[in-house]
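Colleague: Supplied in structure tokens, the structure appears directly below.
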Amino acid sequence: MELLEVGNGRVVEYLVEGPAGGRPLVMHHGTPGAALMLEPVAEAAARHGMRFVTHSRPGYAGSTAQPGRRVADVAGDVAALLDAVGADDFVTLGWSGGGPHALATAVLLPDRCRAAAILAGVAPYDADGLDWMDGMGEENVIEFGAAATSPEALDKFLAEASAGMRDVQPRDLIAAFGDLLSEVDQAALRDGLAEYLAPSCRAAVSRGYDGWRDDDLAFLADWGVDLASIRIPVSIWQGDQDRMVPYAHGRWLGAHIPHATTHLVPGEGHLSLITNIDTIVAGLAEA
């Protein structure tokens, strides 16, 4: 893990893995989450000559909090990160809560971002014609209901939720996620994904829940991003068994992003979509 000074007294932690000089595949982690090696993505990137690059968003793990940040603010950090690793251009992958942030870099770094892939990504809260929380598991309905009520209500929810994640182990995740997991996502955890997700959850809340709170509030606010202005290839991947970010989010994004190729995958959930990673990364490598 390395630290990068990005101005205004902030540092961002990041990691890089893969062939030196390879085009970066910048991965944006979910919510909550942190910069950790996700072997299936890093290995797929390396097979196509790309470097796996990821960072912890402000307030997560070793990255300085940025209260009041918007989704759009990620573009400045990614630009600084690209400069630090000596890259002119990149492709990007956003999973879950990382989806909006990957889209932000597609919009705001148009001369550097060559392609984007969104896995089970969140749609804008004010998306026309979308019932944003319809189909979410009970825990997400409570969480985002609190976020929509007030920052204080969200703090109360996250204080308890984050306490339960500080020492979470892979064997604990199915019970911890409760109603958010479809059967296929439970199976994905049992098949090995829990070995990545548990450390990610622990790292995300290791220094508090600032990053988690600021993500939630940013999702519900104006992103500061015009999705209709995207001019690069975007692939949208969404499963119909997703209880974290429902199917309708992927369908909405696919219908409102120019040049998007939408993959609405029957039988897949929020986590199990990662089994498609070779195809997803191959598409990015073609850009």
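The values are calculated or read from the model by the stated rules, or taken from the named source; none is laboratory data. From a predicted model like this one, the values you see are computed outputs, not experimental measurements. Counting neighbours? That spans all protein chains shown, and the Cβs are built from the backbone with ideal geometry, glycine included. Areas reflect the complete protein model, heavy atoms only, side chains present, ligands, DNA and RNA absent. Shrake-Rupley method; radii C 1.70, N 1.55, O 1.52, S 1.80 Å.
Colleague: Which residue pairs have Cβ atoms under 6 Å apart, sit 6 or more places apart or on different chains, and have a first residue in segment 266-284 that is touching a residue at least 24 places away in the same chain (Cβ under 8 Å) and a second that is surrounded by fewer than 23 Cβ atoms within 10 Å (Cβ to Cβ) and among the charged types (D, E, K, R)?
Modeller: Filtered contacts from segment 266-284: PRO266/ASP240.
Colleague: Helices (runs of 4 or more DSSP H) wholly in segment 174-287 with at least 1 residues that are in contact with a Lys or Arg (Cβ under 7 Å, 6 or more places away or on another chain) and open to solvent by 20 Å² or more (accessible area, probe 1.4 Å) - which ones?
Modeller: Ranges flagged: 194-204.
Colleague: Within segment 36-58, which residues are crowded, with 23+ Cβ neighbours inside 10 Å and either charged (D, E, K, R) or farther than 28 Å from ALA72 by Cα (or both)?
Modeller: The one that is crowded, with 23+ Cβ neighbours inside 10 Å and either charged (D, E, K, R) or farther than 28 Å from ALA72 by Cα (or both): ARG57.
Colleague: So, one more: In segment 134-152, what residues are in a loop (DSSP other than H, G, I, E, B) and touching a residue at least 24 places away in the same chain (Cβ under 8 Å)? If you could, list the steps in order and put the result at the bottom.
Modeller: So the first thing to find is which residues in segment 134-152 are in a loop (DSSP other than H, G, I, E, B), and the list is 134-137, 150.
Hits for segment 134-152 are ASP134, GLY135, MET136, GLY137.
Colleague: Determine whether segment 63-75 contains at least one residue that is touching a Pro at 6+ places or on another chain (Cβ under 7 Å), aliphatic (A, V, I, L, M), open to solvent by 20 Å² or more (accessible area, probe 1.4 Å) and touching a residue at least 40 places away in the same chain (Cβ under 8 Å).
Modeller: Restricting attention to segment 63-75, the residues satisfying the condition of being touching a Pro at 6+ places or on another chain (Cβ under 7 Å) are 64-66, 69, 71.
Going one step further and asking which of them are aliphatic (A, V, I, L, M), we end up with 65, 71.
Now restrict to residues that are open to solvent by 20 Å² or more (accessible area, probe 1.4 Å): 65.
Checking the rest, the ones that are also touching a residue at least 40 places away in the same chain (Cβ under 8 Å) come to 65.
Taking every residue of segment 63-75 in turn, at least one turns out to be touching a Pro at 6+ places or on another chain (Cβ under 7 Å), aliphatic (A, V, I, L, M), open to solvent by 20 Å² or more (accessible area, probe 1.4 Å) and touching a residue at least 40 places away in the same chain (Cβ under 8 Å).
Colleague: I would also like to ask the following. For segment 125-140, check the following and say yes or no: at least one residue is surrounded by 23 or more Cβ atoms within 10 Å (Cβ to Cβ) and out of contact with any Phe, Trp or Tyr (no Cβ under 6 Å at 6 or more places or on another chain).
Modeller: Checked against the condition, which is being surrounded by 23 or more Cβ atoms within 10 Å (Cβ to Cβ) and out of contact with any Phe, Trp or Tyr (no Cβ under 6 Å at 6 or more places or on another chain), segment 125-140 yields no hits at all.
Colleague: Which of the residues spanning segment 1-28 are assigned to a loop (DSSP other than H, G, I, E, B) and either aromatic (Phe, Trp, Tyr) or over 19 Å from ALA104 (Cβ atoms) (or both)?
Modeller: Hits for segment 1-28 are MET1, GLY9, GLY18, PRO19, ALA20, GLY21, GLY22, ARG23.
Colleague: A follow-up question, please. Test each condition in (1) without any contact (Cβ under 8 Å) to a residue 40 or more places away in the chain; (2) out of contact with any Leu (no Cβ under 7 Å at 6 or more places or on another chain) for ARG251 and report the one that comes out false.
Modeller: Tallying (1) without any contact (Cβ under 8 Å) to a residue 40 or more places away in the chain; (2) out of contact with any Leu (no Cβ under 7 Å at 6 or more places or on another chain), ARG251 fails exactly one: (2).
Colleague: Does segment 216-239 contain any residue that is in contact with a Phe, Trp or Tyr (Cβ under 7 Å, 6 or more places away or on another chain), closer than 18 Å to VAL71 by Cβ, among the hydrophobic types (A, V, I, L, M, F, W, C) and touching a residue at least 60 places away in the same chain (Cβ under 8 Å)?
Modeller: Yes, the conditions are met somewhere in segment 216-239.
Colleague: Ok, one more. Criterion first (open to solvent by 10 Å² or more (accessible area, probe 1.4 Å) and among the small types (Gly, Ala, Ser)) does ALA80 satisfy it?
Modeller: Taking the combined requirement at face value, the residue satisfies it.
Colleague: Only one of (1) open to solvent by 50 Å² or more (accessible area, probe 1.4 Å); (2) more than 27 Å from ILE277 (Cα to Cα); (3) among the hydrophobic types (A, V, I, L, M, F, W, C) fails for ALA147. Which number is that?
Modeller: So the condition that ALA147 fails would be (1).
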